[in-house]
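The values are calculated or read from the model by the stated rules, or taken from the named source; none is laboratory data. Keep in mind that this is a model prediction, so the values were computed, not measured. Heads up, the Cβs are rebuilt from the backbone with ideal geometry, glycines too, and the neighbour counts pull from every protein chain shown. The protein model used for the area step is the full one, side chains on, heavy atoms only, and it has no ligands, DNA or RNA in it. Shrake-Rupley method; radii C 1.70, N 1.55, O 1.52, S 1.80 Å.
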Amino acid sequence: MVCIAAFIILAIIGVFVAFISIFKREIGKKYLQILKKSWGCLGKKIRLQKCETGFKEDVKNTLLSRIIIKHPKWVKPLSAVIEVVAVIIVIVAVWALLTAIKSLLALWTLGTCNVTKPAACSLGAEVCSIDEPEPSNIFEATGRWFEEWGEIFAAIPDKFRSYNVDDFDFYVFEISQNEQPKAVDILDPGCSVCMESYRNQKESDFFNKYHTGIVLFAIKNPDGSFKFKNSDLIVRTTYALSKLQPLYATLLIDRILTTTDESGVSFQSRFNNYDRDDAVSRLSQFMKEFGLNESEINKVYELSASDEVNELIEKNRNIVENEIHVKGIPTLLYDGGKHTGLYKIPE
């Protein structure tokens, strides 16, 4: 293990030696000699052959040369310590390499380098993430590490598939109905990125270029609560409203995502801070403005808690999480592809 650890350390410091050797070439030459010797020893270890170069002894002798003279009794215990440290260095290096590979594969397949908390990955798209529970102990952490590999490998075929909107049995709210290719927009009414993405789609005439359907999806926290206050209420109300007046459901989505209240604050922001009674009151006001009477509004709320709406919500959730493997939203399906993150206005 000593020669492997030494090679790892030499490979790391090689970056600095390369810079120093620009000014002092002799240092670079000496370093290359040591590195070649280290690589030769490592090569034999990889082939399960005995290292005949004596490199391991050279490393130990270099580290212990001064100790031998002053404290000869320390040589054996310190030699053992060097072996243990070498093992730790190798384990850490292997773990770091595997983690880097896992992060790159996750970024390629899932759009985020952090599978458990997608939004924490600065390299990924701008999203509202669907987070997994954080491990509470080392056993859960180990299990979660392997589960993430499983999610990554399960998502690899997605990179080579075509996302035909008609292949998924979504319950959608029709934003636009035309003869153009179909698109599906998966969003949470409380997600600020979803709001900005929706506004960009509207401004760029996306809804006229595509026959677009909205899938409302309330993101859950790992503990089962909802990520955005009142998102579930809005989703349920919209689902129920669509059963009575589909056009009004579309108007409700648009009202929350694109308009502001009397103070100029976006309704989405307001709903993320309203208590439930205020949220219900505002939704009722919207429905009255659309043309519903008190009896019809009560019918909407009654239907929103029904098994029928529960089944529709769970059906969409299952498709989003288990069939499309969405880790963050907004997610758009169009032109045969899955596009996760903020939709930007084409330049």
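So the values come out like this:
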item	result
Cα-based reach from residue 315 at 13 Å (exclusive), listing aspartates and glutamates while leaving out same-chain residues under 8 positions away	169, 307, 323
Rh (Kirkwood; distinct C-alpha pairs) - the stretch 192-252, Å	13.1 Å
Cβ-based net charge around residue 114, under 13 Å, with every Lys or Arg adding one and every Asp or Glu removing one	-1
Surrounding net charge for residue 336, when Lys and Arg each add one and Asp and Glu each subtract one, Cβ distance under 14 Å	0
Whole-number D in µm²/s for the stretch 214-347 (Stokes-Einstein; Kirkwood sum over Cα pairs; 4 °C, 1.567 mPa s)	81 µm²/s
Loop sites in the stretch 157-255: GluC sites (Glu not before Pro), DSSP, at most 15 other Cβ within 10 Å	179
Accessible area expressed per residue, the stretch 130-244, with surrounding protein chains retained (probe 1.4 Å, Å²)	47 Å²
D_trans [Stokes-Einstein, Kirkwood Rh over alpha-carbon pairs] for the stretch 138-221, 25 °C, 0.890 mPa s, µm² s⁻¹	159 µm²/s
Modelled FRET efficiency - R0 56 Å, residue 147 with residue 293, Cβ distances, 0.05 increments	0.65
